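Here's the structure we're looking at; comments come further down.
The values are calculated or read from the model by the stated rules, or taken from the named source; none is laboratory data. Just so it is clear, the structure is predicted and the values come from calculations on it, not from any experiment. Counting neighbours? That spans all protein chains shown, and the Cβs are built from the backbone with ideal geometry, glycine included.
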Amino acid sequence: MGMQSDYEKNPSFFVDAMLGNIAKKLRLMGYDSKYEADIGDDDLINSAQKDLRIIISRDENLIKKASKFGIESIFLEKQEEIKQFHEIINRLGLKSIKINGDNARCPLCNSETNPIEKHNISDKIPAKVLEKNKKFWKCKNCGKIFWEGSHIANLQKFVSELNER
Ligand SMILES: [Zn+2]
């Protein structure tokens, strides 16, 4: 059940409300994932159609509506997050997920991030964190700074489990 080739190459998503944690993880994995906690079905559908985003939702009515407009969507049946990710990667026809901090998008605002040198952020980050981590990234949009230990390492653990199945 693979998706159209455009989606397979570089899928982007509109993640439905209540699935904020899924959106955050997809962003750190490098997927462009729009998420708004407070958006009506019609606005969500319009936006997904305009940007060619795949809708990810647990709301069957929304999925049905989207399909009427010819919009790809992924319905998550499962409750558990890791199983929900299996549903997503199965639908996309992905064999595994690879994480690379340099491709990660900002989990807060979905923008791209840039690697940043330690000495440029030494006044913004606790000394302990600076000491313990080698790689840092800064969001191009909101300016938030991320590092390997807190963000990528935790996700790496989740993705290892995901790829093991
Ligand atoms: Zn950001």
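So ILE56 clears everything in (1) farther than 23 Å from VAL159 by Cβ; (2) more than 16 Å from the ligand (Cβ to nearest atom) except one condition, right? Which one?
Result: ILE56 fails condition (1) only.
Out of SER96, SER57, SER73, which single residue is of a type outside the set (D, E, K, R) and surrounded by fewer than 20 Cβ atoms within 10 Å (Cβ to Cβ)?
Unique residue meeting the criteria: SER96.
Here is a list of conditions, (1) surrounded by 14 or more Cβ atoms within 10 Å (Cβ to Cβ); (2) in the same structural domain as ASN154 (by TED's automatic domain parsing), and ASP123 meets all of them except one; can you say which number that is?
Evaluating ASP123 over (1) surrounded by 14 or more Cβ atoms within 10 Å (Cβ to Cβ); (2) in the same structural domain as ASN154 (by TED's automatic domain parsing) leaves (1) as the failure.
Residue check, GLY149 against (1) exposed (fewer than 15 other Cβ atoms within 10 Å of the Cβ); (2) more than 16 Å from the ligand (Cβ to nearest atom); (3) modelled with pLDDT of 90 or more, all met but one. Which one?
Checking GLY149 against (1) exposed (fewer than 15 other Cβ atoms within 10 Å of the Cβ); (2) more than 16 Å from the ligand (Cβ to nearest atom); (3) modelled with pLDDT of 90 or more, the one that fails is (3).
Given the residues PHE158, PHE136, which is the only one that is aromatic (Phe, Trp, Tyr) and within 11 Å of LEU28 (Cβ to Cβ)?
PHE158
Scanning the stretch 131-143 for residues that are buried (at least 16 other Cβ atoms within 10 Å of the Cβ) and not basic (Lys, Arg), which turns out farthest from the ligand (Cβ to nearest atom)?
Here the answer is ASN133.
Within the stretch 103-120, which residues are loosely packed, with under 12 Cβ neighbours inside 10 Å and either within 16 Å of the ligand (Cβ to nearest atom) or under 14 Å from the mean Cα position of the chain (by Cα) (or both)?
ASN114, PRO115
Any residue at all in the stretch 14-29 that's closer than 21 Å to ASN61 by Cα, free of Cβ contacts under 8 Å to residues at least 40 places away in the same chain and over 11 Å from the mean Cα position of the chain (by Cα)?
So far as the stretch 14-29 goes, yes, one or more of its residues are closer than 21 Å to ASN61 by Cα, free of Cβ contacts under 8 Å to residues at least 40 places away in the same chain and over 11 Å from the mean Cα position of the chain (by Cα).
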